[in-house]
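Inspection log for the structure reproduced underneath, given as structure tokens.
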Amino acid sequence: MQLRILGCSGGIGGANRTTSFLINDSILIDAGTGVGDLSFSALTRIEHVFITHSHLDHIACLPMLVDTIMGSRNAPITVYATETTLNVLKKHIFNWAIWPDFNKIPNAKAPFMRYSLLELGQSCCIDQCTITAIPAVHTVPAVGYKLDSGKSAVIFSGDSVCNTEFWDIVNSTENLSHLIIETAFSNREYELANAAKHFCPLTLLEQLKFLNRPAQVLVTHLKPADSELTMQEILRDHSNISISRLEQNQIITF
Ligand SMILES: [Zn+2]
Ligand SMILES: [Zn+2]
């Protein structure tokens with residue numbers, strides 16, 4: 001199974017694309033601006049979109065993805081999220097004011113897009129990949145996702161400062177190969193990071209002390225302004241962890 005990183009930046013500009021990962025050809029984890037680099041035919045192969053939370057950097061391309069491929073698919077595209085996040089999408093995005101309600105057109109019985117509730121702790125198995133919503137701690141209700149092929153598992157924190165429940169899941173995942181974890185800000189933005197419920201290197205490394213199994217740790221969601229500095233601070237101060245920056249277009253086999 002392949003996880004392709006379409007976007008993993010905390011912002012835009014130049015080559016930066018915001019959070020979106022593609023599993024094989026058909027499953028998206030978040031729909032940030034990285035989706036826009038896919039070819040039209042690649043876009044039409046997307047069938048499932050799992051959303052971590054309602055922030056714009058994670059959903060920016062969802063409305064235009066549905067609009068672009070709606071006439072080229074026989075089945076609706078399915079959007080999975082918690083009830084709170086689905087309600088935000090319905091009320092604030094697909095509300096006819098910002099974008100059409102693709103859950104109602106061309107008609108409610110056979111819409112271009114359908115919603116699927118996936119609450120915290122629930123799993124969904126698609127093409128032998130088990131996707132489980134796991135706890136996240138952010139300024140809005142959020143989840144991370146565990147992606148398990150059976151052979152190995154990748155855990156993605158989403159936007160989160162993590163908690164003990166998150167680490168319990170990480171540490172009980174016996175086939176864990178990769179942990180994708182966010183760090184948005186450098187240490188000089190310590191207070192802003194705390195207020196925005198994002199990690200900076202200091203708080204990331206404190207939390208990584210709870211990791212007690214071998215896994216490649218990949219840092220995502222670096223804000224462009226300080227991305228180099230943030231990685232330097234992580235790499236300077238970490239100990240005993242295999243840690244590197246998640247790269248756009250990186251392919252993780254699991
Ligand atoms: Zn967020
Ligand atoms: Zn974000």
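Counting only residues 5 or more places away or on other chains, whose amide H sits under 5 Å from the amide H of residue 153 once H atoms are built in the peptide plane?
Placed amide hydrogens put 176, 177, 178 under 5 Å from residue 153.
Could you tell me the ratio Rg/Rh of the chain? Both radii from Cα atoms, Rh via Kirkwood. Mind dumping the intermediate values first?
Details: Rg = 17.5 Å, Rh = 18.3 Å.
My calculation puts Rg/Rh at 0.96.
Identify, among 66, 82, 111, the residue whose Cα sits farthest towards the positive end of the charge dipole of segment 51-138, taking +1 on the Cβ of Lys and Arg and -1 on the Cβ of Asp and Glu, with the dipole about the Cα centre.
111
Can you give the extra length, in nm with one decimal, that the chain gains between residue 251 and residue 99 once fully stretched, where that is 0.36 nm per residue apart less the Cα-Cα distance?
51.5 nm
Counting each DSSP H run of 4 or more residues in the chain as -39500 (n - 2.57), what helix-only mean residue ellipticity at 222 nm follows after dividing by all residues, to the nearest 500 deg cm²/dmol? Present the calculation step by step, with values, prior to reporting the outcome.
Values: 8 runs with 56 residues, N = 254.
Mean residue ellipticity, 222 nm, calculated: -5500 deg cm²/dmol.
Could you compute the net charge surrounding residue 80? Neighbours are other residues with a C-beta less than 12 Å from the C-beta of residue 80; K and R count +1, D and E count -1. Present the calculation step by step, with values, prior to reporting the outcome.
Numbers: positive: 114; negative: 30, 47, 83, 119.
Neighbourhood net charge equals -3.
Can you pull the percent of segment 135-254's accessible area that's carbon plus sulfur, 1.4 Å probe, other chains left in place? Don't skip to the answer; put the middle values down first.
Numbers: 2570 of 5240 Å².
After summing per-atom areas, the C and S share lands at 49 percent.
How large is the Kirkwood hydrodynamic radius of segment 124-220, in angstrom, based on all distinct alpha carbon pairs? Don't skip to the end; give the middle numbers.
Working: mean 1/r = 0.0735 Å⁻¹.
Result for segment 124-220 stands at 13.6 Å.
Find the accessible area per residue for segment 1-54; the probe is 1.4 Å, ligands and nucleic acids are left out, and the unit is Å².
On the way: 1650 Å² over 54 residues.
With the other protein chains kept in place, segment 1-54 gives 31 Å² per residue.
Equivalent-ellipsoid semi-axes (√(5λ), Cα gyration tensor) for segment 126-178, whole Å, largest first? Could the numbers behind the result be given before it?
On the way: eigenvalues 80, 32, 10 Å².
Sorted largest first and rounded, they come to 20, 13, 7 Å.
Cross-link partners among lysines for residue 197, C-alpha distance below 20 Å, same-chain residues fewer than 8 apart left out?
Hits, sequence-local ones excluded: 209, 223.
Please compute the per residue accessible area over segment 91-199 with all protein chains in place, 1.4 Å probe, rounded to a whole number of Å².
Details: 5010 Å² over 109 residues.
Per residue, segment 91-199 has an accessible area of 46 Å².
When the chain is treated as a GNM, springs tying every alpha-carbon pair under 10 Å, which of 32, 71, 11 comes out with the largest mean-square fluctuation?
Highest fluctuation among the options: 71.
For segment 1-125, just the Cα atoms, rotate onto the principal axes and tell me the three extents in Å, largest first.
39, 33, 31
The values are calculated or read from the model by the stated rules, or taken from the named source; none is laboratory data. Bear in mind the structure is a predicted one, so any value in this text is a computation, not a measurement. We place every Cβ from the backbone using ideal geometry, glycine too, and count neighbours over all the protein chains shown. Surface accessibility is based on the protein's heavy atoms, side chains included, excluding ligands, DNA and RNA. Shrake-Rupley method; radii C 1.70, N 1.55, O 1.52, S 1.80 Å.
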